[in-house]
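Engineer: Below you will find the structure I want to go over with you.
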There are 2 protein chains.
Amino acid sequence: MNIKTATEIGKCLSNQTRVQIMEWLKKPEKNFPPHESLKHFNDGVCVTYIHEKAGLSQSTISSYLTNMEKCGLLILTRHGKWSYLKRNEKVIKEYTDFIT
Amino acid sequence: MNIKTATEIGKCLSNQTRVQIMEWLKKPEKNFPPHESLKHFNDGVCVTYIHEKAGLSQSTISSYLTNMEKCGLLILTRHGKWSYLKRNEKVIKEYTDFIT
DNA sequence: TCTACATATCGGTAATTATAGATATATTAG
DNA sequence: CTAATATATCTATAATTACCGATATGTAGA
């Protein structure tokens, strides 16, 4: 981890909604309804559910999640028309190691 | 640690200069000259040295450091006319535990 | 006291981020 | 193919943050 990457991650974690999303994704099955087509949360939660729970516009949440994926905080997996997002624990660990 | 506090810390860590300051303060004796009046770095580094090393205006650095102290990332100790700042490892740990 | 120095705060403008609505793209169902 | 649904991207404006210079405050020493 370098300073530039760490700062990008810090930017993602500088907004209450985004921090909240990171928290929700710790326990997807507790915080979101079960998926229609997928029987598991192995790849996380789809954009729509996060959007509905967060209460901000679809475009806002989509760009939040895109940025969070780009800086490595989240892992994106596409299944059909859905995009699933889960925490990238490896990068989160690298980040916390860096700032510690 | 709660979401609000974590977000405030995230805001402090969303700027490259501030992240850099946190890094410098890991090893004060390596990154800063020795103090004139104090013989040790037990309370960290004074505002002037951080200001000079960062290359931004005194007022900007002062407000950075004030915010970083308010959200708990730094500990401020005054000795005479100098303000010394050091990392608050306890809060940093609480923060990394929270986001992990 | 007066002066010098260290730091904090104030007031302003520039730059960035937040956020929405509209629209584009991708995928599936029929 | 067409329609419906999920997500991404574009464009614009509002809100926030960045940053500086000026000024205020606080402290030590002459």
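The values are calculated or read from the model by the stated rules, or taken from the named source; none is laboratory data. Source: prediction; values computed, not measured. Ideal geometry is used to build each Cβ from the backbone, glycine not excepted, and the neighbour counts take in all protein chains shown. Only protein heavy atoms, including side chains, enter the accessible area calculation; ligands, DNA and RNA are left aside. Shrake-Rupley method; radii C 1.70, N 1.55, O 1.52, S 1.80 Å.
Engineer: Provide a single number: the residues in the stretch B:23-50 that are open to solvent by 10 Å² or more (accessible area, probe 1.4 Å) and not in a loop (DSSP other than H, G, I, E, B).
Structural biologist: Qualifying residue count, the stretch B:23-50: 9.
Engineer: Scan the stretch A:12-62 residue by residue and report those that are more than 22 Å from B:GLY10 (Cα to Cα) and hydroxyl-bearing (Ser, Thr, Tyr).
Structural biologist: A:SER37, A:THR48, A:TYR49, A:SER57, A:SER59, listed by residue number.
Engineer: Could you give me the residue pairs with C-beta distances under 9 Å whose first residue belongs to the stretch B:77-100 and is facing another protein chain (nearest Cβ under 8 Å), whose second residue is part of a helix (DSSP H, G or I) and aromatic (Phe, Trp, Tyr) wherever it lies, and which are 6+ apart or on separate chains?
Structural biologist: Here the result reads B:THR96/A:TYR95; B:ILE99/A:TYR95, each pair linking the stretch B:77-100 to a residue that is part of a helix (DSSP H, G or I) and aromatic (Phe, Trp, Tyr).
Engineer: If you don't mind, there's one more thing I want to ask. Starting from residues that are within 16 Å of DNA strand D (Cβ to nearest atom) and touching a helix residue (DSSP H, G or I) at 6+ places or on another chain (Cβ under 9 Å), keep the ones in the stretch B:24-48 and report whichever is modelled with the lowest pLDDT.
Structural biologist: Ranking the qualifying residues of the stretch B:24-48, first place goes to B:HIS35.
Engineer: Okay, next question. Return the residues of the stretch A:51-76 that are outside any loop (DSSP other than H, G, I, E, B), surrounded by 15 or more Cβ atoms within 10 Å (Cβ to Cβ) and more than 7 Å from DNA strand D (Cβ to nearest atom); say none if nothing qualifies.
Structural biologist: A:LYS53, A:ALA54, A:ILE61, A:TYR64, A:ASN67, A:MET68, A:GLU69, A:LEU74, A:ILE75
Engineer: Considering only residues that are within 11 Å of DNA strand D (Cβ to nearest atom), of a type outside the set (Ser, Thr, Tyr) and over 8 Å from the mean Cα position of the chain (by Cα), which ones fall in the stretch A:77-95?
Structural biologist: Answer for the stretch A:77-95, where residues must be within 11 Å of DNA strand D (Cβ to nearest atom), of a type outside the set (Ser, Thr, Tyr) and over 8 Å from the mean Cα position of the chain (by Cα): A:ARG78, A:HIS79, A:GLY80, A:LYS81, A:TRP82.
Engineer: Go through the residues of the stretch A:2-12 one by one and say whether even a single one is surrounded by 12 or more Cβ atoms within 10 Å (Cβ to Cβ), assigned to a loop (DSSP other than H, G, I, E, B) and among the aliphatic types (A, V, I, L, M).
Structural biologist: no
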